[in-house]
Amino acid sequence: MHKSAGFYLVLGTNLKNMKRLLTLFALQLSIKLLLAQPGALDLSFDAGTGADSTILYTAVQPDGKILIGGNFLTFNGQPRPYLARLNNDGSLDNTFNIGSGPDRKIFSITIQPDGKILAGGSISYFNGDSVFKLVRLMPDGSTDTTFKADTIFSLMKEIIVQPDGKILIGGSFISVNGLPYINLARLHSDGKLDTSFDTRNALNGTVETMALQPDGKLLIGGSFTQYAGVQGYRIARVNTDGSADTTFNPGIGGAGSNVEAISLLPNGKIILGGEFTFYNGSTVGHLVRTNSDGTIDFSYPQNPGTNLPVRAILGLPDGSHLLGGDFTSYKGNSVSSVALVNQDGTFNSSFNPGTGANDEIVSLTLDPNNKVLVSGYFTTFNGMPHNRIARLYNCLTPQPDSIFGLGYAQCSGAPQTYSIAPIGGATKYEWTLPAGWQGISDSTSITALSDGSGGTLSVKAFTDSCGWSYTTTRTIATIQPPGVDICLVTVDSASTHNIILWEKPTTTLIDSFYIYRETSSNVYTKVGAVGYSDLSEFHDDTTANPNSTSYRYKLSVLDTCGAESELSPFHRTIHLQNLGNGNFQWTFYQIQGQSNPVTSFNIHRDNLGNGLYFPIGNVPGTNATFTDITFNSFSNSQYVVDVDWNISCTPTRQVNTTRSNIRKKTMIDFPLAVEETATGDIQLTVYPNPATETMQLQFSDGSRPTAAYVLNALGEKVATLQAATHTVDVSSLAAGIYLLYAESAAGIYKARVCVY
């Protein structure tokens, strides 16, 4: 987010309150603050151990150097009583040589247009020379001997230099040059009292803050209740000659308590901050906006404001303001000595200082880079050690626009270049690559080495004045090989092997196709591969016998980067069985996750066993049995089943049907179980028979065999029933004729079986 067009930064509390203790919880939360946001600490400002006591005032020179004044005696471990100058990075400026400096507190600092420095407070000596609360220094820190302020008795808090060079001073003093100029006076540019600005005996209380209007009139705030005989409860306006401006009327009661900060809006309206909670009889929350005549501006939401006093207000060039103190809430929003307030008085959460200052902030200054210097009593800011001074970002670097470059990851090790449009004023950029990628850049472009996987690519920009921007991201896809489904599985015309067919995608990213067969329940093993440039069919599953059982196949794709796709849904072959006496049954064609694609089955017979098949029947796709009533008329016949269906597929051979294995009349699959049964009405069926891998035992009552074994010609047991199944594994047996014994509750069955 860019800097708001107008806002207030609010800071405050009572100076007399005890300093708050940071809890560990608050410390932990504060560290989580993102550096990108306005209000965040500028970590390039490193003041070391900072000041050993309060910094009451800061002023920034045009070159960015920072003058600080207050109650401290050392800064970053170096002796610097009450006044010092820092470099822009927070370090002490050792070229600023003030000798022994002031002997007491500095409350206010003003830099004249010619670069000379006015410093005022409770000082009586400066570098060993007698002074009267106010001193003027040369830019190098030496005393300006052409300036000698008249005797000011007590304390000076505010200094304003008029465009004509005259100097307005305010504070808690009872005389200037022996005359009763109480708490407000004007000096000539050489420090002598300007008696033409007649404020003698005008005030009955202190001046805490002042603001000079463009027309030369002066707004003052403090603890007084009248000015020059005119009621002015804590706020008044003074004409250019020192008389009271009676057109300024804050109403009965004015501010209910001390006014400590004033800021002028370009439209002439005025913002006041301080200890007051009432203004002209209306409840306000330590903050009020008035019209130019001092009456309350009811278009501005006055209450609730802050829960503790506002101590400082800084007007910004665009008419927005920074306001400040030690409060913990603003309009019900939790804050910690700092908050962002829109021009209309509403809270703006985009200014996020985290846990803020752990004690009171009494001074705000905007530096030439639009950063905010905060100073006061605090020792930490957002959980980090910052003794009495810190610098905050006051804006957000513009977020980069779109990231240009490929939206997908290339093969591992391939270089991929991304770029963004430059951000005005940005000095560096930070790129974050998807996990596993390699590359580094702090410019508007980056060339990285992909690891083949995608992820999130991001970049943010940094400017010295505004810190980091919000992050711009782009999702980089992992290019999975295209999923390719099987068109169909079928059996070759000689019934010796299965054939798998698929459509070939038109892409150059495929290296090859992998074919998988189910080798145990839901376990698929790769049985072969076909290159992309070859025909999209597979014939080489030599370990599968279509005459033994049906099979499930799946397909995957290997891309040119070596990545393999997910397996396709399986297709299951049709397996035809001869039950004897012209009865045939077969397994349904099956596609994983789809309904039965077959509309009808076609039964074909080779009458003479010479390879010439003729259609002899057709059954619906929901039926998997057929009886050939002319079975006995063809002694050497053999059978095959194919389908009519709704599959639309164009593999390289353009095969659009599937067929079963071949079953011969002379190779009958029938149960030979006869005698020794407990009852004569329960039959045993063994299939497939002949078989090459496994045989299934099926009793007509649905029961499971309790035992089964196969004997060879020598009467040796060579195969047994697999536990808790209907299956006997004969894959290890040599081709030949065997005798099968099977037991059930009905008795013992015998069957002649063939292995080939």
Item to complete: Select from the stretch 122-138 the residues that are buried (at least 22 other Cβ atoms within 10 Å of the Cβ) and at positive phi and list them in ascending order.
Response: LYS133
Fill in: Scan of the stretch 277-320 for residues that are in contact with a Ser or Thr (Cβ under 8 Å, 6 or more places away or on another chain), of a type in the set (Val, Ile, Thr) and more than 16 Å from THR209 (Cα to Cα), ordered by number
THR277, THR283, VAL284, ILE296, THR306
Worksheet item: Just wondering, is there one or more residues in the stretch 346-355 that are at negative phi, in contact with a Gly (Cβ under 7 Å, 6 or more places away or on another chain) and not in a loop (DSSP other than H, G, I, E, B)?
Response: no
Discussion item. So, in the stretch 473-515, how many residues would count as being closer than 30 Å to THR432 by Cα and in a loop (DSSP other than H, G, I, E, B)?
Written reply: 6
Item to complete: State all residues of the stretch 681-735 that are of a type in the set (Asp, Glu), open to solvent by less than 80 Å² (accessible area, probe 1.4 Å) and part of a loop (DSSP other than H, G, I, E, B); if no residue qualifies, say none.
Response: GLU693
Worksheet item: Restricting to the stretch 575-589, what's the tally of residues that are surrounded by fewer than 18 Cβ atoms within 10 Å (Cβ to Cβ) and under 58 Å from the mean Cα position of the chain (by Cα)?
Response: 2
Discussion item. Out of the residues in the stretch 387-422 meeting the condition of being among the β-branched types (Val, Ile, Thr) and open to solvent by less than 20 Å² (accessible area, probe 1.4 Å), tell me which one is nearest to GLY356 (Cα to Cα).
Written reply: ILE389
Worksheet entry | Selection count where residues are of a type outside the set (Val, Ile, Thr), within 17 Å of PHE147 (Cβ to Cβ) and surrounded by fewer than 22 Cβ atoms within 10 Å (Cβ to Cβ), scope the stretch 61-118 | 6
Worksheet item: Quick one: would you say PRO180 is without any contact (Cβ under 8 Å) to a residue 24 or more places away in the chain, open to solvent by less than 50 Å² (accessible area, probe 1.4 Å) and more than 23 Å from GLY254 (Cβ to Cβ)?
Response: yes
Worksheet item: What are the residues in the stretch 264-308 that are among the β-branched types (Val, Ile, Thr) and part of a loop (DSSP other than H, G, I, E, B), if any?
Response: THR277, VAL284, THR295
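Yes or no, residue by residue, for (1) open to solvent by less than 10 Å² (accessible area, probe 1.4 Å); (2) in contact with a strand residue (DSSP E or B) (Cβ under 8 Å, 6 or more places away or on another chain); (3) under 25 Å from ILE182 (Cβ atoms):
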| position | (1), (2), (3) |
| --- | --- |
| GLY229 | no, yes, yes |
| GLY274 | yes, yes, yes |
| HIS286 | no, yes, no |
| LEU322 | yes, yes, no |
Discussion item. Regarding the stretch 302-312, can at least one residue be identified that is surrounded by fewer than 24 Cβ atoms within 10 Å (Cβ to Cβ), of a type in the set (S, T, N, Q), over 18 Å from ILE220 (Cα atoms) and modelled with pLDDT under 90?
Written reply: yes
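The values are calculated or read from the model by the stated rules, or taken from the named source; none is laboratory data. Keep in mind the model is a prediction, meaning the values are calculated, not measured. Glycine gets a Cβ as well: all are built from the backbone with ideal geometry, and neighbour counts include every protein chain shown. When the accessible area is computed, the model is the full protein with side chains, heavy atoms only, and any ligands, DNA or RNA have been set aside. Shrake-Rupley method; radii C 1.70, N 1.55, O 1.52, S 1.80 Å.
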